[in-house]
1. When you look at residue 235, is it over 19 Å from residue 36 (Cβ atoms), touching a residue at least 60 places away in the same chain (Cβ under 8 Å) and either out of contact with any strand residue (DSSP E or B) (no Cβ under 6 Å at 6 or more places or on another chain) or buried (at least 18 other Cβ atoms within 10 Å of the Cβ) (or both), yes or no?
2. Of the residues 206, 254, 201, 261, only one is touching a residue at least 40 places away in the same chain (Cβ under 8 Å), touching a helix residue (DSSP H, G or I) at 6+ places or on another chain (Cβ under 6 Å) and buried (at least 21 other Cβ atoms within 10 Å of the Cβ); which?
3. How about the stretch 207-310: which strands (runs of 3 or more DSSP E) wholly inside it have at least 3 residues that are under 17 Å from residue 97 (Cβ atoms) and at pLDDT 95 or above?
4. Exactly one condition in (1) crowded, with 17+ Cβ neighbours inside 10 Å; (2) under 16 Å from the mean Cα position of the chain (by Cα); (3) assigned to a loop (DSSP other than H, G, I, E, B) is false for residue 155; which is it?
5. Quick one: count up the residues across the stretch 135-152 that are loosely packed, with under 13 Cβ neighbours inside 10 Å and in contact (Cβ under 8 Å) with a residue 60 or more places away in the chain.
6. Residues of the stretch 103-131 being touching a residue at least 40 places away in the same chain (Cβ under 8 Å) and not in a strand (DSSP E or B), which ones?
7. Could you please let me know if residue 249 is within 27 Å of residue 89 (Cβ to Cβ) and more than 19 Å from the chain's Cα centre (by Cα)?
8. Which residue out of 244, 222 is touching a residue at least 12 places away in the same chain (Cβ under 8 Å) and in the same structural domain as residue 113 (by TED's automatic domain parsing)?
């Protein structure tokens, strides 16, 4: 028995304990009975736990259009997700307005619902400085620095960066908060978290910061001790908080039924926990003409951002 123990340990080590592999395997592109929910993720396990309850709620209600099972497929970045959508490996995803605009411009997906989270269907970016700052408006940021969050953030990068371009500013990526922009340019740096943004502005490491209006009003993201020392100098236009997208070429009957199931979920008690786990979603609502115009404006601005800045 003692001689068998090392071999047994090695065999056990090969078993996929706790691995979400079945959820990560994409079905064949022509398997019309499987509905695949996708997600761009840097934390697949945490996001799998968010997505699975919603998938489990939706799938049994899709039988009338031939759906028999569902799977989850994670992508490491938006480029990989674009490939999955283009090849029919992912059928539907939930994304921010910025990423939704990019996917729509690439022709791989289209938005079909707005996701309401914590009661909000739309949001915008807020520019803020210290109360004792000489900066009074966005025009005064020329020659100064601003902290964004991360390169794929809608409210803390895409929206404010496009807003600054619309204001006639030229942008320049800085090496660190201690770096300074060239004269006549607005320097920007990525702070990674909302708390870093507020801290850097408060400690005068940067001249201005940007948050969504939702984070601005959230004490967990904007500490009250800091907020009393800040003032707002500008804002962007409103965009949808998040969107549901279907891949291009999806069976119209499947998309229509999926849309109906999601729209009705808020009135179904059985969907309550699934919605809550899905990033505190309160309901799904139809896309308005204003939402479409906001997405088009954002997509055009992001194209300009890519060509003029990045």
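1. Working: over 19 Å from residue 36 (Cβ atoms): yes; touching a residue at least 60 places away in the same chain (Cβ under 8 Å): yes; either out of contact with any strand residue (DSSP E or B) (no Cβ under 6 Å at 6 or more places or on another chain) or buried (at least 18 other Cβ atoms within 10 Å of the Cβ) (or both): yes.
Criteria met by residue 235.
2. Working: 254 fails: buried (at least 21 other Cβ atoms within 10 Å of the Cβ); 201 fails: touching a helix residue (DSSP H, G or I) at 6+ places or on another chain (Cβ under 6 Å); 261 fails: buried (at least 21 other Cβ atoms within 10 Å of the Cβ).
Being touching a residue at least 40 places away in the same chain (Cβ under 8 Å), touching a helix residue (DSSP H, G or I) at 6+ places or on another chain (Cβ under 6 Å) and buried (at least 21 other Cβ atoms within 10 Å of the Cβ) holds for just one of 206, 254, 201, 261, which is 206.
3. Working: elements: 208-212, 230-235, 243-247, 281-285.
Passing ranges, in order: 208-212, 243-247, 281-285.
4. All conditions pass for residue 155, except number (3).
5. Of the residues in the stretch 135-152, 2 are loosely packed, with under 13 Cβ neighbours inside 10 Å and in contact (Cβ under 8 Å) with a residue 60 or more places away in the chain.
6. First, the residues of the stretch 103-131 that are touching a residue at least 40 places away in the same chain (Cβ under 8 Å): 103-105, 107-131.
Once the filter is applied, which keeps residues that are touching a residue at least 40 places away in the same chain (Cβ under 8 Å) and not in a strand (DSSP E or B), the stretch 103-131 yields 103, 104, 105, 107, 108, 118, 119, 121, 124, 131.
7. Working: within 27 Å of residue 89 (Cβ to Cβ): yes; more than 19 Å from the chain's Cα centre (by Cα): yes.
Judged against the criteria, residue 249 is a match.
8. Values: 222 fails: in the same structural domain as residue 113 (by TED's automatic domain parsing).
Being touching a residue at least 12 places away in the same chain (Cβ under 8 Å) and in the same structural domain as residue 113 (by TED's automatic domain parsing) holds for just one of 244, 222, which is 244.
The values are calculated or read from the model by the stated rules, or taken from the named source; none is laboratory data. Since the model is a prediction, treat every value here as computed from it, not as a measurement. Because the Cβ atoms are built from the backbone with ideal geometry, glycine has one as well, and the counts that use them run over all protein chains shown.
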